[in-house]
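Laboratory data are not the source of any read-out in this text; all were calculated from the coordinates shown. The model shown is predicted, which means the values in this text are computed figures rather than measured ones. Here Cβ is always computed from backbone atoms with ideal geometry, including for glycine, and neighbour counts include all displayed protein chains.
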Amino acid sequence: MLALERVTKRFGGLTAVREVSLEVGAGELLGIIGPNGAGKTTLFNVIAGAQRPEEGRVRFEGRDVTGLAPHAICRLGLTRTFQIVKPFGNLSVLDNVTIGSLTKVPSVRAARVDAERVIDTCGLTPYARARARALPIGLRKRLEVARALATRPRLLLLDEVMAGLNPGELAGMVALVRRLHEEGLTLIVIEHVMAAMMRLARRIAVLHHGELIAQGPPAQVAADRRVIDAYLGEEFVLAEA
Amino acid sequence: MRLRLPRRRGALAFFLAAAVAPLVVRDQFFLDGLILVLLWGALSSAWNVAAGYGGQVSLGHAAFFGIGAYAAALLSARFGQSPWLGMLLGVLLSIGAGLIIGYLSNRLRGPYFALSTIAFSQVLLIVASRWRGFTAGSEGIPVPFRPGFATLGLSHAAWAYLALGVAVLYFAVQVVLERSRLGYQLAGVREDEDAAEALGIASRRLKVLAIAVSAALTSICGTLWAQYVGFVDPFYVFSVDLSVRFALMSIIGGIGTALGPFLGSVLITSLETYLRATFSGMKTGFAGIYLVIYGAMLVLVVRFLPEGLVGLAARLRTRVTGPPATAAP
């Protein structure tokens, strides 16, 4: 469904993403992990069109989308969320999600109905009339997902939607992501919460200094020496074992 | 999107009062005030379309006002054409100017965008004030008065209804925009451009469109104003003061609401009329007092009434009747 071919993104002398090749099949849930500054979000920016790679191609459903504008890529069915959530602060939750729905549902009336359905899926119904700005971070993360879902993506990129959540919120988010996955949505998930990642992903890719240093099933990745050195540390392996 | 019903009732009362007033009061001074309140309200609404709904806060909208004023004035003074034709020409030129400024400043956000719009209006000021052979330069041009609707030589009462028609039309444009797909998407761009773009909204195209529409609406009122007042002075019609005024009325009345610009206009226009009547006889020391008062009002509104008079009305109503039931879609 998504194929990255030797994608490189540089900022001046810094290579944020170096020759990353990666494939994601339809219906898959791919996890991406790596230390801070490894290039995970930059990779999302490149996939979603926010940044143009210096080298390499991004193909979505066989189509070369490298260098397309973010809105064009979204309309093709590839939507991303932002690590630092970007709610439309002065608008209600319902209006936020309606704006997402309007991308595929042109009528405002129908889009509002559609948005209510998505809000329900994400468990935001009690907050539908609340101003997005007034929500606590846990709910704003969920709004970020709801708004992206409303654009009816076939591939959804989630950038640390579990960071900063309390245990209850985390469980809810894991359940939501799992449910979306089970319903057939293809997902790429960036996450630091390893426990959640181990449970959700069938395959994990590890970025370090912009390079893809490992990919495979969670257990295999967690046992990989380079991954342990670069990211996980000894302790985690012991805890998991 | 919120509190729609009560707000519309206020609008109905406002426009009805404006419609009945000329039937009851025949006083020229009052009618003049009414016409100006409606025209300025419409102008601020035009600004509001781009700035309030789309977040493209321009401080150069006088450019479009001036284009509208000059197009009609020059066409009738130099070529003897109908000001309606001049209005059309002004609209076309303003849309063109709006597209150019929208395209050029597309990547600029917030204050940088506002600065670029100021620069644009100043360029037009220089052109209009230096091109003596055609625009009569800094002397300005008088608009010939020829009685009749085709030439916009109208009585005060007729002007009042023409201004009312324009005001209602602009109000309706805002209401329709608010409820439309375009309005939602513009609100998204206003709130967070990157997020809007990631959700499939072609933000740049939308911004340019909003500016072009806003420019056209501003230009129409520029023409009407020049025909009503009868004189076009480049240093007035292209002034930053004027641009600030469009913004100020919307901000004080309630930015991003359909009625806000009109409420702001009632306050600012009547205040200005009052100040002019009170202080005009005094020496120059008081000539700039309106600037002090505008500034103070702006500070107070931004600090205590960030949603303007419309927000204040909603707040008072909530206090009296309790929180509003869920807003109608």
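Miscellaneous remarks
- In chain A, helices alone account for a calculated mean residue ellipticity at 222 nm of -11000 deg cm²/dmol, with every DSSP H run of four or more residues adding -39,500 (n - 2.57).
- Derived scalar couplings ³J(HN,Hα) [the stretch A:210-226; Karplus, 6.51 cos²θ - 1.76 cosθ + 1.60; whole Hz; x for Gly, Pro]: x, 10, 7, 9, 6, 8, x, x, x, 4, 5, 5, 5, 8, 5, 4, 5
- Reducing the stretch B:211-230 and the stretch B:125-204 to their Cα centroids gives an inter-centroid distance of 5 Å.
- Amide H contacts for A:Glu55 (H built 1.01 Å from N in the peptide plane; partners 5 or more residues away or on another chain; cut-off under 5 Å): A:Thr8.
- Partner lysines whose Cα lies under 23 Å from the Cα of A:Lys40, excluding those fewer than 8 positions away in the same chain, are identified as A:Lys9, A:Lys86, A:Lys141.
- Taking other Cβ atoms within 10 Å as a rough exposure proxy, B:Tyr112, B:Tyr294 sort from fewest to most as B:Tyr112, B:Tyr294.
- Legend: calculated FRET efficiency, B:Phe145 to A:Arg52, from the Cβ-Cβ distance at R0 = 51 Å, rounded to 0.05, equals 0.30.
- Cα gyration tensor of the stretch A:56-106 - equivalent ellipsoid semi-axes, whole Å, descending: 26, 14, 7
- Mean projected area in nm² (Cα convex hull; one quarter of hull surface) for the stretch B:4-239: 13.1 nm²
- When chain B is treated as a GNM with alpha-carbon contacts under 10 Å, the residue of B:Ala77, B:Ala19, B:Ala198 showing the greatest mean-square fluctuation is B:Ala198.
- Amide H contacts for A:Arg80 (H built 1.01 Å from N in the peptide plane; partners 5 or more residues away or on another chain; cut-off under 5 Å): A:Leu157.
- Inter-label distance for B:Val240 and A:Ala195, nm, one decimal - labels placed 7 Å from Cα along Cα-to-Cβ: 5.8 nm
- Förster radius 22 Å - calculated FRET efficiency between B:Arg109 and B:Leu291, Cβ distance, rounded to 0.05: 0.20
- Between the C-alpha center of the stretch A:55-73 and that of the stretch B:83-112 there is a gap of 33 Å.
- Ranked list, fewest to most other Cβ atoms within 10 Å of each Cβ, for A:Glu169, B:Glu197, A:Glu54: A:Glu54, A:Glu169, B:Glu197
- Set against the 2.2 N^0.38 Å expectation for a compact globular protein, the protein assembly as shown has a Cα radius of gyration ratio of 1.15.
- Taking A:Leu170, A:Leu155, A:Leu78 as the candidate residues, the one with maximal mean-square fluctuation in a Gaussian network model of chain A, Cα springs under 10 Å, is A:Leu170.
- Helix A:167-182 and the long axis of chain A differ in direction by around 90°, with both axes built from C-alpha atoms.
- Exposure proxy order (Cβ contacts within 10 Å, fewest to most) of A:Arg154, A:Arg63: A:Arg63, A:Arg154
- Chain lengthening between B:Leu85 and B:Ser138 when straightened (0.36 nm per residue, less Cα-Cα): 16.6 nm
- Alpha-carbon centroid distance for the pair the stretch A:27-42 / the stretch B:13-46, whole angstrom: 61 Å
- Long-range HN-HN contacts of A:Glu211 with modeled amide H, under 5 Å: A:Arg18
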